[in-house]
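Everything on this sheet refers to the single structure shown next.
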Amino acid sequence: NAGVTQTPKFQVLKTGQSMTLQCAQDMNHEYMSWYRQDPGMGLRLIHYSVGAGITDQGEVPNGYNVSRSTTEDFPLRLLSAAPSQTSVYFCASRKSRDTPLHYGYTFGSGTRLTVV
Amino acid sequence: DAKTTQPTSMDCAEGRAANLPCNHSTISGNEYVYWYRQIHSQGPQYIIHGLKNNETNEMASLIITEDRKSSTLILPHATLRDTAVYYCIVRVNSGGSNYKLTFGKGTLLTVNP
């Protein structure tokens with residue numbers, strides 16, 4: 001039981017390049033989400049998914065795409081990277097959207113992305 | 001969702017109690033107070049939650065005022081490993097929009113030797 005696995009851990013991109021941040025969980029969680037964390041800004045929700053085939057936008061979705069073809073995987077795509085997307089990205093999962101919050105979230109270890 | 005206000009940073013001596021305040025004056029009757037913490041470079045970790053009564057677990061205690069407009073997270077004997085950003089979040093327990101959980105800026109607690 002690996003929990004939430006994010007790859008890569010570090011990535012440097014040039015402006016305009018595209019890439020996909022991978023997130024996989026093996027806990028059969030229905031709900032998965034992506035956050036970005038910038039210095040002094042806390043964690044901000046980018047996109048989330050309440051189940052396979054269902055995705056929706058969070059508070060900062062611009063510049064990012066997601067899909068959820070399986071329960072296990074929730075990749076985050078940057079179509080044309082910009083320096084403003086330099087951040088630490090966390091993937092998180094919960095059993096379902098209605099799981100009481102005190103059961104908490106399971107977070108991945110993060111991906112540190114730098115766009116130059 | 002009720003907004004929360006926390007100090008930007010606090011210091012605490014190792015072995016002493018750390019008291020982290022949170023104001024949530026617009027909290028609704030069905031909203032809980034949750035505390036998470038984020039140790040450097042890791043994802044947030046759930047600590048404790050409460051509705052009206054004070055709560056205690058193996059990690060911390062949560063004191064909620066009678067009018068529920070503020071609360072205090074207490075780490076009774078802070079260690080260097082408790083240095084982290086602590087987030088106070090007010091949400092309903094389940095359902096609603098609580099799945100769109102967003103973490104504010106939190107309080108950076110630095111435990112000094």
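The values are calculated or read from the model by the stated rules, or taken from the named source; none is laboratory data. These numbers were taken from a predicted model, which means no experiment stands behind them. We place every Cβ from the backbone using ideal geometry, glycine too, and count neighbours over all the protein chains shown.
Tabulated data for the structure shown
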quantity: Yes/no for residue A:88 being under 18 Å from residue B:91 (Cβ atoms), within 14 Å of another protein chain (Cβ to nearest Cβ), surrounded by 15 or more Cβ atoms within 10 Å (Cβ to Cβ) and touching a residue at least 40 places away in the same chain (Cβ under 8 Å); calculated: no
quantity: Looking only at region B:68-88, and only at residues there that are under 15 Å from residue B:4 (Cα atoms) and away from chain A (no Cβ under 14 Å), the one that is surrounded by the fewest Cβ atoms within 10 Å (Cβ to Cβ); calculated: B:69
quantity: Residue list for region B:20-55, restricted to those being more than 9 Å from chain A (Cβ to nearest Cβ), touching a helix residue (DSSP H, G or I) at 6+ places or on another chain (Cβ under 9 Å) and modelled with pLDDT under 90; calculated: none
quantity: Failed criterion for residue A:81 (all others in (1) farther than 19 Å from residue B:42 by Cα; (2) modelled with pLDDT of 95 or more; (3) within 11 Å of another protein chain (Cβ to nearest Cβ) hold); calculated: (3)
quantity: Scope region B:1-39; condition closer than 25 Å to residue A:36 by Cα and of a type in the set (Val, Ile, Thr); matching residues; calculated: B:4, B:5, B:8, B:33, B:39
quantity: Residue A:72 being acidic (Asp, Glu) and touching a Lys or Arg at 6+ places or on another chain (Cβ under 8 Å); calculated: no
quantity: Qualifying residue in region B:91-107 (condition: more than 10 Å from chain A (Cβ to nearest Cβ), out of contact with any Leu (no Cβ under 8 Å at 6 or more places or on another chain), touching a residue at least 24 places away in the same chain (Cβ under 8 Å) and not charged (D, E, K, R)); calculated: no
quantity: Qualifying residue in region A:14-31 (condition: surrounded by 14 or more Cβ atoms within 10 Å (Cβ to Cβ) and of a type in the set (Lys, Arg)); calculated: no
quantity: Number of the condition not met by residue A:91 [criteria: (1) in contact with a Cys (Cβ under 6 Å, 6 or more places away or on another chain); (2) farther than 30 Å from residue B:7 by Cβ]; calculated: (2)
quantity: Residue ID - surrounded by the fewest Cβ atoms within 10 Å (Cβ to Cβ), chosen from residues in region A:49-76 that are within 14 Å of residue A:36 (Cβ to Cβ) and in contact with a Phe, Trp or Tyr (Cβ under 7 Å, 6 or more places away or on another chain); calculated: A:58
quantity: Any hit, region A:56-63, residues being β-branched (Val, Ile, Thr) and closer than 19 Å to residue A:109 by Cα; calculated: no
quantity: Residues of region B:40-71 that turn out to be over 30 Å from residue A:32 (Cα atoms) and either among the small types (Gly, Ala, Ser) or in contact with a Leu (Cβ under 7 Å, 6 or more places away or on another chain) (or both), as a count; calculated: 2
quantity: Tally of residues being within 11 Å of the chain's Cα centre (by Cα) and more than 10 Å from every other protein chain (Cβ to nearest Cβ) across region A:29-48; calculated: 5
